[in-house]
1. Multiplying the sequence separation of residue 34 and residue 4 by 0.36 nm and subtracting their Cα-Cα distance, what value in nm do you get?
2. Based on Cα coordinates alone, diagonalise the gyration tensor for the chain, multiply each eigenvalue by 5, take square roots, and list the semi-axes in whole Å, largest first.
3. Would you calculate a helix-derived [θ] at 222 nm for the chain, using -39,500 (n - 2.57) for each DSSP H run of n ≥ 4 and dividing by the full residue count, to the nearest 500?
4. Please identify which residues in the stretch 28-56 have an amide N closer than 17 Å to a label point set 7 Å out from the Cα of residue 22, following the Cα→Cβ vector.
5. At a Förster radius of 35 Å, what calculated FRET efficiency corresponds to the Cβ-Cβ distance of residue 76 and residue 47, to the nearest 0.05?
């Protein structure tokens, strides 16, 4: 199954430039949302900070950290 992962930069401490509110989209092939987010994190050499999968619903939400930047991620079936 294909999953879309949207990542939006939340913060970049110690930076004078404003953060970019634009979402970056990636499509990942995985068996479920959990596998999709873990593949996404591995591919980017990042750290999964949190991940919530609703009991019912279409999207999961999490936060991912790469170096000194934190991203809000949404994962949903493509």
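1. The span from residue 34 to residue 4 would gain 9.6 nm if fully extended.
2. Over the Cα atoms of the chain, the ellipsoid semi-axes are 23, 12, 11 Å.
3. -4500 deg cm²/dmol
4. none
5. According to the calculation, E is roughly 0.95.
Every number in this text was worked out from the coordinates using simple rules, so none of it is lab data. Nothing here was measured: the structure is a model prediction, and the numbers come from that model. Glycine gets a Cβ as well: all are built from the backbone with ideal geometry, and neighbour counts include every protein chain shown.
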